[in-house]
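Let me begin by presenting the structure, written as C-alpha cells, before commenting on it.
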Amino acid sequence: MAVTPADGALSPVTALALVGVVGVGAQWIAWKLRLPGIVLMLVAGVLIGPAFGVLDPARDIGPLTQPLIAIAVAVILFEGGLTLNFRSLSDAAVGVKRLVFVGAPLGWLLSTLALRYGAGLSWESSAVFGGIMIVTGPTVIAPLLRQARLSRRPAALLQWEAIVNDPLGALAAVLAFEVVLVLNSATSVGSAAGELVMGVAVATITGVAAGYGLARAFRHGQVPEHMKVPVLFVLLIAIFALSDSVLHESGLLAVTIMGLVIANADLPSYEELRRFKEHATILLVSGVFILLAASLDFSALGRLDWRAALFVAAVVLVARPLTVMASLIGSGIPYREQLLVALTGPRGVVLVAVAGLFGERLVQLGVEDGALIGPLAFVLVAATVVLHGFTLGPFAKALGLTAAGTPGVLIVGGSRWTTLLAEALKKAEVPVLIADANRGHLRRAREAGIPTFFGDVLSEAAEHRIDFVGYSTLIAATDNDAYNTLVATDLAPEMGREKVFQVTREKSEQVRHALPATLGGRPLGDGATYREMELRVWQGWQFRLTGLTEEFTLEDWRAKRPDAMLIGVIGAGGALRLVGPEDKVEAGAGARLLTLRPEDAGEQPPPDVNGKKAAADS
C-alpha cells in the first residue's frame, strides 16, 4: 500500500530529485555567472528550505537524512584522500607536516578559547566544538582552488591540510566528548580511553588493510574492469560502517586512510577511479550542502546574540592566523604564502554535520548550551564560505600567488610551425609553453625565448614542474598521431574537452582509421594535419595577429583573406579562444584574430577594404 505524503510534504523521491536539481543547478549558474558555487548552493538551500518551506528534509526524507549525509561525507573524504599522492607534496611537505602536527592541536586550543570567551559557551561545549573546528573543509577548498587558480605550493598546503585534518578534527571532538562523558556520567576514565584507542586502532588497521588489499586485487587482475568502481564503493561503505560501529566518527579516519593508500599504490586504473569519484563527489557536495541548508532552523539561529559575530571574527582574524603563522615558523615557506594560508580557512559540510551530532549528544548529557553548537557551526560556515568565496581570488592575485592572469596555451610538440605559433602567442601576451620529449625539437623554441619543458607531458616530472593551472588550452601537435591522441584523451577531463585540440590525424576520414568521439581532441583551425601545417610554413605561410575595429569587422577580414586559416580569437581582455573547422566564430571590435596565412613578398596592408579602414596586421 502506497504511503501518501502529508499535506505540503514532498515524497522522498521528489525531495531527493529536488535536492539534485537545485544543487547541480546552483553550481551551473555559479559557473555561468563566475560566482562561488558554494555560496549559491548555500543560498539555494536556505531559500527552498526555511525561507519558503518547499523542502524540509526531516519531514520529506525522514530518518534517512542523517545516514545519507554521513555516507556522503565519508565518500567525500575518501575522494579527498584519493587525491593525496605523497609525490605531489614536493616543496610543500614541510608545511603540510607543520599544519597537521602543530597546527591541529594549536588550532584546537585557540578555537576552544574563541568559543569560551567569544561565543560564551561552557568549557565542555567549547572543547568538543573546538576539536571539530580543526577541519577547514575539503568540500569548500576544492572549488575555491579551481576558481582562484592558486600557485602550486599554497594550493597544496590548503588542500592537504583540509583533507588530512578533517578526520583528525572529528577524532579530536570524540576525545573531548569522551572526557565530558567521564565527567558527567558513571563512565570510568579507563573505559573511555580504551574505547577511544580501540576505535582509532580499528580505523587505522581497516583503512590500511582495505586500501592495500584493494590495490593488490586490482593490480593482479582479480577484479574485472567493469566491477572496479562498484567494488570500490561497496568496500568504502563497509569500512566506514565497520569502523563507525566501534567508535562513532572514526569511520571518517578509516576511509581517508584507505583513499591515501590507494592514491600511493601506482595503480594503472587509478585515473579512471579518481575521475569517477570526482564526479560522484560533485553530486554529493551539492546534495549535502542543500540538505544541511534546508534543515536550518531559523528559531535556533534566533537564540544567538552578538557574541556569535564576535566568535566568527575571533576565529577568522585571530585563531586561524595565529595557528598557521605559528605552525609555519622556520618552515622556509615565503611570508606571502604563509599569509594567504593564514587568512584562508573556510569551513564546510563536515563541520556542520559533525557539530550538529555532538551538540545533540552534549544536550543529552545535560550540557544545555550544546544546543548552540549547531547554529554556531552554520553561522561560521556561511560567513567563511561567503568571505573566502569572494576574496580568495583577488587576495591571492594581490599577493602574486595566482597563475598567470591570462590563461595560457600548452603546446605538446616542438617543430618549426609550433614555434612560430608560440611566438605569435607570446607577441599577443598569451602565456605559452612548448613541451617535447626530444630535446632537439625544442631548440628553435629556446632560441626564440619561448618557455619549454623537456620531457613527456604525461610523466610525474611534468606534474611537478609544469603548473597546469596556468594553462587553460592544450594543443597536441607532435608528428606522432597516436601520441597526440593519447595526450588529448588523458588531459581532456582535467582541462575541459572543449579546450583540448590536436592536429588532424592522417587518414582520419577513412572509416577503418576513424576513432570514436571519446578519444582525441578537437581539430585545430581548418582541420589540417601535422604534415600540412609544416608544409604551409615551409612554403612561407606566417602566423599573424589582426585587430578588428568598428570599421573593419570579421566579415571584412574574411573577404580580404579568403585563403587564410583562422586559428583563434583573442578577446579585448586578452583571453584566447582557439577555433576548429565547425566552430561558429563571433568577434567584435577590440578583438584580435590569430591566423595562419600565405605571405606575398613585399605586401603591405591595403589602405581600405570596400571603402572601410582596415586594421594593420602584425
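Data table
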{"quantity": "Mean Cβ count within 10 Å, highest first, over the residues of peptides 294-305, 107-118, 373-384, 234-245", "calculated": "373-384, 107-118, 234-245, 294-305"}
{"quantity": "Where labels lie 7 Å past Cα in the beta-carbon direction, separation of Leu365 and Val231 in nm", "calculated": "4.2"}
{"quantity": "Whole-percent pair-distance distribution, where bins are 5 Å wide, for the alpha carbons of segment 282-371", "calculated": "2, 11, 14, 17, 18, 15, 12, 7, 3, 1"}
{"quantity": "Carbon/sulfur fraction of accessible area - the chain, other protein chains in place, 1.4 Å, %", "calculated": "62"}
{"quantity": "Residues of the chain: accessible area per residue with a 1.4 Å probe, Å²", "calculated": "45"}
{"quantity": "Segment Thr553-Asp305, extension gain: residue separation times 0.36 nm, minus the distance between their alpha carbons", "calculated": "83.2 nm"}
{"quantity": "Ranked order, Lys426, Lys560 - accessible area, probe 1.4 Å, largest first", "calculated": "Lys426, Lys560"}
{"quantity": "222 nm mean residue ellipticity, helices alone, for the chain (DSSP H n ≥ 4; -39,500 (n - 2.57); rounded to 500)", "calculated": "-18000 deg cm²/dmol"}
{"quantity": "Sorted peptide list for 466-477, 583-594, criterion being average Cβ within 10 angstrom, highest first", "calculated": "466-477, 583-594"}
{"quantity": "Number of Lys pairs (Cα under 20 Å; 8 or more positions apart or on different chains) in the chain", "calculated": "8"}
{"quantity": "Residue order for His279, His226 - accessible surface, 1.4 angstrom probe, largest first", "calculated": "His226, His279"}
{"quantity": "Dipole magnitude of the chain, debye to nearest 20 (Cβ charges: Lys/Arg +1, Asp/Glu -1, about Cα centre)", "calculated": "940"}
{"quantity": "Surface accessible to a 1.4 Å probe, Trp123 within the full protein complex, Å²", "calculated": "120"}
{"quantity": "Percent RCO, i.e. relative contact order, over segment 243-383, from Cα pairs under 8 Å lying at least 6 residues apart", "calculated": "22"}
{"quantity": "Centroid-to-centroid separation of segment 308-364 and segment 405-438 [C-alpha atoms, Å]", "calculated": "41"}
{"quantity": "For segment 549-560, Karplus couplings with θ = phi - 60° (6.51, -1.76, 1.60), whole Hz, Gly/Pro x", "calculated": "10, 4, 8, 10, 9, 4, 5, 5, 5, 4, 5, 6"}
{"quantity": "Sequence-separation-based contact order of the chain, relative, with Cα cut under 8 Å and 6+ spacing, percent", "calculated": "14"}
{"quantity": "Theoretical gain in end-to-end length, Val585 to Leu64 [0.36 nm per residue, Cα-Cα removed]", "calculated": "182.6 nm"}
{"quantity": "Integer Hz, Karplus 6.51/-1.76/1.60 couplings in order for segment 347-353, x for Gly and Pro", "calculated": "9, x, 5, 4, 4, 5, 5"}
{"quantity": "The chain - Debye-derived log10 I(q)/I(0), Cα point model, q = 0.05, 0.06 Å⁻¹", "calculated": "-0.28, -0.39"}
{"quantity": "Whole-Hz couplings from phi, Karplus 6.51/-1.76/1.60, listed for segment 583-590; x for Gly and Pro", "calculated": "6, 8, 9, 10, 8, x, 4, x"}
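The values are calculated or read from the model by the stated rules, or taken from the named source; none is laboratory data. Please read these numbers as outputs of a predicted model, since none were measured by experiment. Ideal geometry is used to build each Cβ from the backbone, glycine not excepted, and the neighbour counts take in all protein chains shown. The area values use the complete protein model at the heavy-atom level, side chains included, leaving out ligands, DNA and RNA. Shrake-Rupley method; radii C 1.70, N 1.55, O 1.52, S 1.80 Å.
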